[in-house]
Amino acid sequence: MTAPRTPRRSLKRRLADGESLRGALLRLPSETLVEMAAVAGLDYVLLDCEHGPADTALLQQHLWAAEAHGLDVLVRVGTGEAALALRCLDLGAAGLVFPHVDSAEDARRAVAASHYPPLGERGFATYSRSGRFGTVTAAEHVAASRETLVIPMIETRRACEAAGEIAGTEGVDAVLVGPADLAADCGFPAPEVVSGLVGQAHQATAGKGRTVMAIVPSLAAAQAAEEAGARLVVFNTAQVLMETFAALARPAEAP
């Protein structure tokens, strides 16, 4: 999280105040889509460095575009990428999404990569972009870093069974279930099996007082997720765009 020149309510503060927030999942490079998301009024974007390029030069350009519009940025790093997590935060990301968190120990490692001591093990520097290139005090920088969101992803049956322990880990702010990986882990069962596991994980997350995050393909799915208790909703932009393009490409039916 960047120490701001003009204080702005962080995503963490907005969630604590009871807001429900909507964002867009984007893969690099997509600076224009970052700006469009901001202009449209979304609350944040989630940049995917797990299934997209983990290019920090490109990431910095996306963060510039977002900051110009007052838009917060979350970044999904790859599995076990503490070094990338550090660089994302130094560049000014508002929070991190960690894939394939199967246990409380995995969650503790995610927290450790995201926060300074004593809660974590993040390397300290104020001369990075998040420290305004050394123009803020150490105390200001640490205070800003406490607003960082830490979001583990639950993507296996094992993780769903451990959802309460993962969500209850100190420093975890929200939990996101990855339905595609979960389905793969379960051998692509009937949809109701996956939805049942997702519901189990969501219930355990809410039971620990943590925010439920949901990835959705449409407005109707977003509304359903929010009605079920999710307060961080992220649209799968690739799916939204492909369905829109496909609809545009279909010839109009004769009256």
For this session: Return the FRET efficiency for the residue pair Glu121, Glu192: r is the Cβ-Cβ distance, R0 is 25 Å, and the value is rounded to the nearest 0.05.
Result: 0.05
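Full extension from Leu219 to Val240: what is 0.36 nm times the residue separation minus their Cα-Cα distance, to one decimal in nm?
On the way: separation 21, 0.36 × 21 = 7.56 nm, distance 0.94 nm.
Full-extension gain reported as 6.6 nm.
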For this session: Would you mind calculating the relative contact order of segment 1-126 from Cα pairs under 8 angstrom and at least 6 residues apart, reporting the percent as a whole number?
Result: 21 percent
Exercise. When all protein chains stay in place, what accessible area (Å², nearest 10, 1.4 Å probe) is found for Asp17?
Worked result: 90 Å²
Seminar exercise, completed: When every protein chain stays in place and a 1.4 Å probe is rolled, His69, His62, His202 sorted by accessible area with the largest first are His69, His202, His62
Exercise. What whole-number value in Å² describes the accessible area per residue of the chain for a 1.4 Å probe?
Worked result: 47 Å²
Seminar exercise, completed: With Cα springs under 10 Å, the Gaussian network model of the chain assigns the largest mean-square fluctuation among Leu84, Leu219, Leu96 to Leu219
For this session: Take Ser195, Ser128 and sort them by solvent-accessible surface of the protein heavy atoms, 1.4 Å probe, largest at the top.
Result: Ser195, Ser128
For this session: Just read off the accessible area of Phe133 with the full protein assembly in place, 1.4 Å probe, to the nearest 10 Å².
Result: 140 Å²
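Counting each DSSP H run of 4 or more residues in the chain as -39500 (n - 2.57), what helix-only mean residue ellipticity at 222 nm follows after dividing by all residues, to the nearest 500 deg cm²/dmol? Can you show the working numbers first?
Numbers: 12 runs with 114 residues, N = 255.
Roughly -13000 deg cm²/dmol at 222 nm, from the helical runs in the chain.
Run the accessible area of the chain with a 1.4 Å probe and give the carbon-and-sulfur part as a rounded percent. The partial results should precede the final answer.
On the way: 6680 of 11970 Å².
Accessible surface attributable to carbon and sulfur in the chain totals 56 percent.
The values are calculated or read from the model by the stated rules, or taken from the named source; none is laboratory data. All of these numbers come straight from a predicted model, not from anything done at the bench. Counting neighbours? That spans all protein chains shown, and the Cβs are built from the backbone with ideal geometry, glycine included. Ligands, DNA and RNA are stripped out before the accessible areas are found, and what is left, the full protein with its side chains, is counted by its heavy atoms. Shrake-Rupley method; radii C 1.70, N 1.55, O 1.52, S 1.80 Å.
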